[in-house]
1. For Val139, enumerate residues with amide H under 5 Å from its amide H, sequence gap 5+ or separate chain, H modeled in the peptide plane.
2. Please report Met127, Met1 as a ranked list, fewest other C-beta atoms within 10 angstrom at the top and most at the bottom.
3. So how do Asp18, Asp159 line up by other beta-carbon neighbours within 10 Å, fewest first?
4. Can you pull out the GluC sites (Glu not before Pro) in region 60-119 whose DSSP state is coil and whose Cβ has at most 14 other Cβ atoms within 10 Å?
5. If you build the Cα gyration tensor of region 3-79 and take the root of 5 times each eigenvalue, what three semi-axes come out, in whole angstrom, biggest first?
6. Cβ under 13 Å from Leu150's Cβ, Leu150 left aside: what net charge do those residues give with Lys, Arg +1 and Asp, Glu -1?
7. Just want the ordering: Leu102, Leu84, from fewest to most Cβ atoms lying within 10 Å of their own Cβ.
8. Loop-only chymotrypsin sites (Phe, Trp or Tyr not before Pro) in region 35-120, please: DSSP not H, G, I, E or B, and at most 15 other Cβ atoms within 10 Å.
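Every read-out reported here was derived from the displayed coordinates using simple, explicitly stated rules and does not represent laboratory data. What you see is a predicted model; the values in this text were computed from it and never measured. Heads up, the Cβs are rebuilt from the backbone with ideal geometry, glycines too, and the neighbour counts pull from every protein chain shown.
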Amino acid sequence: MEADQIERIVEATLLAADEPVSMDRLIKLFAPGELPDENPRGALRAALDAIGEATSHRGFELVRVASGFRFQVRQQFSPWVSRLFEERPPRYSRALFETLALIVYRQPVTRGDIEDIRGVSVSQSIMRTLLERGWVRIVGERETPGRPALYGTTRAFLDYFNLKSLDDLPPMDEIESLMKPVLDDATASEEPAEEEAPVEEQGPVEEQGEATPPRRMAEIIQMPRPADPPDR
């Protein structure tokens, strides 16, 4: 089969797919003998490279994420494209993204680990949202009393943030730029259902004054976990 025909088949497949398509799935599209026997993956990579080059100046782009390849609208055009949809996308709180960032960079972690670092309880709605969204999953249990669940990220998390693997995560001081498209809305719209309370009350509430700016997410991620209290 000619290279341009392979390219058109791959392009049509990516347009029709409602999720990223892996290299293995692309290979299965072709009957024996339709791809070069000596290097079928090489032929597909060449087709993908050609498609990526052809769309380099278009309103959409070909990207590779953890689950495979997909077409997506370029970020700079999302304000206009989003007007097509009457239903607004969900708006997540900054607390949710701080919780997610801790799971991402310190996984596997328990809910208690997150609460110890942030100093506030993690609302049940935050954990439920992360699990239902498919960004986080339970990866095991810690071998301690109560056997608390350990949380880690999923392939869906990588796909959503255009990452091929956890190795592609930016340095911790750049994590907010990765999440910025959704963090901007989150900061402006803290949902009451996700309000959090201090893990422990520490004296009287300070007099109301000028609002304290939120800590940078990288600062929260790198905070040490408080030491466990000594046994009595």
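1. Those qualifying (amide H under 5 Å, at least 5 residues apart or on another chain) are Leu150, Tyr151, Gly152.
2. Met1, Met127
3. Ascending Cβ contact count within 10 Å gives the list Asp18, Asp159.
4. Passing sites in region 60-119 are Glu86, Glu87.
5. That gives 24, 13, 10 Å for the three semi-axes.
6. Details: positive: Arg106, Arg111, Arg137, Arg142, Arg147; negative: Asp113, Glu141, Glu143.
Taking every other residue near Leu150 into account, the sum is +2.
7. Least to most surrounded, the residues fall as Leu84, Leu102.
8. When the chymotrypsin sites (Phe, Trp or Tyr not before Pro) of region 35-120 are filtered for loop state and at most 15 Cβ neighbours within 10 Å, Phe85 remain.
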